[in-house]
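Undergrad: Structure in structure tokens, see below.
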Protein chains: 2
Amino acid sequence: MANFSTSDAKELRVGADFVLSDVDPGSTPNFKGDRDKLRKEFSEIDEELSELQEMLYANGRVSADTGAVLLVLQGMDTAGKGGVVRHVLGLVDPQGVDLASFGKPTEEELAHDFLWRIRKKLPRPGRIGVFDRSHYEDVLIHRVHGLSYADEIERRYGAIVDFERELVESGVRIVKVMLHISPEFQRENLEERLDRADKHWKYNPGDVTERGYWAEYQEAYEIALRRTSTEHAPWYCVPGDDKPYARMVVKYLLLDALRSMDLDWPEPDFDVDAEKRRLAES
Amino acid sequence: MANFSTSDAKELRVGADFVLSDVDPGSTPNFKGDRDKLRKEFSEIDEELSELQEMLYANGRVSADTGAVLLVLQGMDTAGKGGVVRHVLGLVDPQGVDLASFGKPTEEELAHDFLWRIRKKLPRPGRIGVFDRSHYEDVLIHRVHGLSYADEIERRYGAIVDFERELVESGVRIVKVMLHISPEFQRENLEERLDRADKHWKYNPGDVTERGYWAEYQEAYEIALRRTSTEHAPWYCVPGDDKPYARMVVKYLLLDALRSMDLDWPEPDFDVDAEKRRLAES
């Protein structure tokens with residue numbers, strides 16, 4: 001019996017009555033093995049994930065109608081978004097991954113609707129897109145610091161739901177993950193960044209400033225997740241203090257998304273036997 | 001004693017008197033171990049490569065003056081360019097890699113100088129850029145099929161040398177690799193693509209057509225490599241029939257480029273002790 005499954009991962013789904021504080025960042029829900037074995041667990045599905053990714057890419061190469069997968073990663077600073085990119089996406093073919101990270105918007109981006117810069121970075125057909133932060137920043141940091149009026153933020157929840165429905169209808173499977181860490185875990189991570197010369201570059205004094213708004217961020221997350229966890233694009237709130245656990249869950253969620261696409265190798269658009277003869281004569 | 005080194009890799013450098021047919025695609029120059037051990041050999045430098053890549057990325061994050069690495073991959077169809085991307089670049093952080101592949105140019109691209117689309121895909125500071133095919137197509141396929149006039153192709157060799165010098169002066173280390181395979185090896189690869197349903201998508205009838213111009217391509221490569229293998233941006237002609245060997249060589253060349261940048265972790269632009277106090281109080 002496996003120690004974890006796609007169904008286990010999907011139970012972390014956010015519902016309409018979601019309460020963020022009910023999720024313990026240090027827990028490892030549904031994982032039935034030893035924590036020490038997490039790394040092993042993690043590798044057992046690598047091959048299937050990699051094969052399905054290649055199949056998706058193959059389909060994208062022969063038809064522009066091929067769908068895509070979009071992984072949206074959100075979480076407080078040091079929540080492990082970069083680690084997920086490195087350890088989970090690092091296992092599939094880099095050519096099949098469209099990575100985008102969204103920092104402070106430029107002046108040009110600010111002059112447009114908040115989804116403008118997001119649309120430009122959507123994954124190409126056959127690709128797995130990854131958003132390291134996303135359009136959700138526009139209802140998170142904007143709410144916490146009042147960067148937008150309340151009614152504009154209110155409008156955005158609906159705009160996001162509509163936008164994501166449009167994506168899903170165009171063939172994109174959306175996997176939205178909040179990596180949920182504790183303030184204690186963040187403190188440890190920030191301490192490590194200050195203690196080690198090879199980690200200083202990851203430290204930003206602004207992170208401690210933002211840390212002062214922990215409760216406000218938790219509230220903004222809870223509201224955003226409730227309002228935008230839909231049938232077509234549900235949120236998953238993944239406990240993040242145990243990094244191998246969180247990475248494993250994301251991997252199973254990606255696997256589930258890929259499986260749900262019912263992929264197969266594309267049919268050749270040429271006569272295989274005729275080509276074999278041509279090749280033999282070449 | 002190691003079975004391979006960066007100096008060994010650099011001996012594959014193309015000189016002014018380069019003769020392509022002198023390079024045996026099935027050979028493994030300078031490799032002193034068993035071929036069976038190539039995979040192991042390959043992994044011994046993974047950690048250093050990965051650390052230097054992270055250091056490069058770290059510098060890019062704190063300063064836009066940081067250089068970059070640009071790996072240019074060329075070779076006949078099935079030469080293993082995609083495998084290099086997957087197996088060599090797949091080992092470093094995907095966030096630090098800027099991948100670009102150059103297929104048939106679009107109408108818009110054709111309306112511009114041949115370097116226009118290339119410039120748009122140059123790696124960002126702190127990144128390792130990878131070109132799967134490149135501006136060299138404009139002196140290779142163009143020469144073989146007469147897609148441009150002879151004097152325009154002549155002009156391009158010089159334009160490429162100038163362009164690459166400009167890049168190097170701006171801080172980009174260029175690593176240019178021709179994966180040199182034999183026509184027999186290509187036949188095996190194409191046969192495999194036709195024999196296996198999971199490989200059909202990689203097959204293109206045009207590949208067999210191009211195969212008919214083998215000698216012309218070899219000549220075009222020889223001329224292009226001779227004309228553009230400069231002090232600042234030398235070419236390396238890497239035997240490609242033994243895939244683990246070729247991938248190992250590329251890895252050592254990348255390692256050499258990264259080492260030559262004399263990287264170090266960037267100095268913090270904040271007061272570490274003051275930040276430790278701020279964090280402790282947060």
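Undergrad: The range B:117-165: which trypsin sites (Lys or Arg not before Pro) are DSSP loop and have at most 14 other beta-carbon atoms within 10 angstrom?
TA: B:120
Undergrad: Once the mean 1/r over all distinct Cα pairs of the protein assembly as shown is inverted, what Kirkwood radius in angstroms do you read off?
TA: The Cα-based Kirkwood calculation yields 25.7 Å.
Undergrad: Take residue A:262 and residue A:150, extend 7 Å from each Cα along the Cα→Cβ direction, and tell me the distance between the two endpoints in nm.
TA: Using points 7 Å along Cα→Cβ, the separation is 4.7 nm.
Undergrad: Convert each backbone phi in the range B:141-147 into a coupling constant with the Karplus relation 6.51 cos²θ - 1.76 cosθ + 1.60 (shift: θ = phi - 60°), then list the ³J(HN,Hα) values in order as whole Hz, x for Gly and Pro.
TA: Result, ordered by residue: 4, 5, 6, 4, 9, x, 6 Hz.
Undergrad: Can you tell which of A:190, A:7, A:95 lies farthest toward the positive end of the dipole of chain A, using +1 and -1 charges on the Cβ of basic and acidic side chains (Lys, Arg; Asp, Glu)?
TA: Highest projection toward the positive end goes to A:190.
Undergrad: Place a label point 7 angstrom from the Cα of residue B:187 along the Cα-to-Cβ direction, then list the residues of the range B:25-46 whose backbone nitrogen is under 18 Å away.
TA: Those under the cut-off are B:25-27.
Undergrad: Which pairs break 18 Å Cα to Cα here: B:32/B:243; A:121/A:202; A:276/B:199; B:104/B:243; B:10/B:251; A:81/A:202? Display every interim value, and only then the final one.
TA: On the way: B:32/B:243 16 Å; A:121/A:202 24 Å; A:276/B:199 14 Å; B:104/B:243 26 Å; B:10/B:251 11 Å; A:81/A:202 13 Å.
Those over the limit are A:121/A:202; B:104/B:243.
Undergrad: Taking amide H atoms as placed 1.01 Å from N in the peptide plane, list the residues 5 or more away in sequence, or in a different chain, whose amide H sits under 5 Å from that of residue B:172.
TA: Answer set, sorted by chain and number: B:68.
Undergrad: Would you mind ranking B:136, A:149 by Cβ crowding within 10 Å, fewest neighbours first?
TA: Ordered from fewest to most neighbouring Cβ atoms within 10 Å, B:136, A:149 come out as A:149, B:136.
Undergrad: Can you list residues whose amide H is under 5 Å from residue B:180's amide H, if they're 5+ apart or on another chain and H is modeled 1.01 Å from N?
TA: Under 5 Å from the amide H of residue B:180 lie the amide H atoms of B:238, B:240, each far enough along the sequence or on another chain.
Undergrad: Here's a follow-up. With a bin width of 5 angstrom, please list the P(r) values of the range B:223-282 as percents of all Cα-Cα pairs, from the 0 bin to the one holding the largest distance.
TA: Using 5 Å bins, I get a P(r) of 4, 13, 12, 13, 13, 8, 6, 6, 7, 7, 6, 4, 1, 0 for the range B:223-282.
Undergrad: Using Cα atoms only, what is the angle between the long axis of helix A:183-195 and the major principal axis of chain A, expressed in degrees (0 to 90) to the nearest 10?
TA: Computed tilt is about 80 degrees.
Undergrad: How well do other chains shield peptide A:194-201, expressed as the mean number of their Cβ atoms within 10 Å of each residue Cβ?
TA: Taking all residues of A:194-201 together, the mean is 6.
Undergrad: A follow-up question, please. Kirkwood Rh, chain A, all Cα pairs: how many Å?
TA: One over the average 1/r among Cα pairs gives 20.2 Å for chain A.
Undergrad: What residues qualify as long-range amide H neighbours of residue B:72, i.e. H under 5 Å apart, gap of 5 or more or another chain, H built at 1.01 Å from N?
TA: When sequence neighbours closer than 5 places are left aside, the close amide H contacts are B:131, B:175, B:176, B:177.
Undergrad: Further question on the same structure: Rounded to whole Hz and in sequence order, give me ³J(HN,Hα) for the range A:154-168 from the Karplus expression 6.51 cos²θ - 1.76 cosθ + 1.60, θ = phi - 60°, writing x for Gly and Pro.
TA: Result, rounded to whole Hz: 4, 4, 5, 4, x, 4, 5, 4, 5, 4, 5, 5, 4, 4, 4.
Undergrad: A follow-up question, please. Evaluate the charge dipole of chain A about its Cα centre and quote only its size in Debye, nearest 20, assuming +1 on the Cβ of each Lys and Arg and -1 on the Cβ of each Asp and Glu.
TA: So the dipole magnitude of chain A works out to roughly 440 debye.
Undergrad: How big is the C-alpha Rg of the range A:67-145 next to the rule-of-thumb value 2.2 N^0.38 Å, as a ratio? Each step should come with its number before you reach the end.
TA: Numbers: Rg = 13.2 Å, N = 79, 2.2 N^0.38 = 11.6 Å.
Normalised Cα radius of gyration, the range A:67-145: 1.14.
Undergrad: Which whole-Hz ³J(HN,Hα) couplings does the range B:220-237 yield from phi under the Karplus relation 6.51 cos²θ - 1.76 cosθ + 1.60, θ = phi - 60°, glycine and proline marked x?
TA: 4, 5, 4, 5, 4, 5, 4, 6, 10, 8, 10, 4, 7, 8, x, 8, 10, 9
Undergrad: Okay, next question. Nearest 10 degrees is fine. How inclined is helix A:46-62 to the longest principal axis of chain A, computing both from alpha carbons?
TA: With rounding to tens, the tilt is 70 degrees.
Undergrad: Could I ask something else about it? Rounded to the nearest 5, what % of the DSSP beta bridges within the protein assembly as shown are antiparallel ones?
TA: Percent antiparallel among DSSP bridges in the protein assembly as shown is about 5.
Undergrad: At a threshold of 8 angstrom on Cα-Cα distance, excluding pairs fewer than six apart, so keeping six or more, what relative contact order does chain B reach in percent?
TA: It comes to 34 percent, rounded to a whole number.
Undergrad: Strictly greater than 21 Å: what percent of every Cα pair in the range A:51-188 meets that?
TA: When all Cα pairs of the range A:51-188 are counted, 47 percent exceed 21 Å.
Undergrad: Restricting the calculation to Cα positions, tell me the Rg (one decimal) and the Dmax (whole number) of the range A:117-159 in Å.
TA: Cα only, the range A:117-159: 12.7, 38 Å (Rg, Dmax).
Undergrad: For the range A:139-213 and the range B:232-250, write down the distance between their C-alpha centroids in whole Å.
TA: Taking the Cα centre of the range B:232-250 as reference, the centre of the range A:139-213 is 42 Å away.
Undergrad: How large is the charge dipole for the protein assembly as shown, taken about the Cα centre, if only the Cβ atoms of Lys, Arg (+1) and Asp, Glu (-1) carry charge, to the nearest 20 debye?
TA: Magnitude of the dipole: close to 60 debye.
Undergrad: Let me ask something additional. Compute the helix-to-body angle for A:243-259: its Cα long axis versus the longest principal axis of chain A, expressed 0 to 90° and rounded to tens.
TA: Relative to chain A, helix A:243-259 is tipped by roughly 40 degrees.
Values quoted throughout were computed directly from the atomic coordinates according to the rules given, and no laboratory measurement underlies them. Since the structure is predicted, the reported quantities are computational estimates derived from the model, not experimental observations. Positions of Cβ are generated from backbone atoms using ideal geometry, with glycine treated the same way; all protein chains shown enter the neighbour counts.
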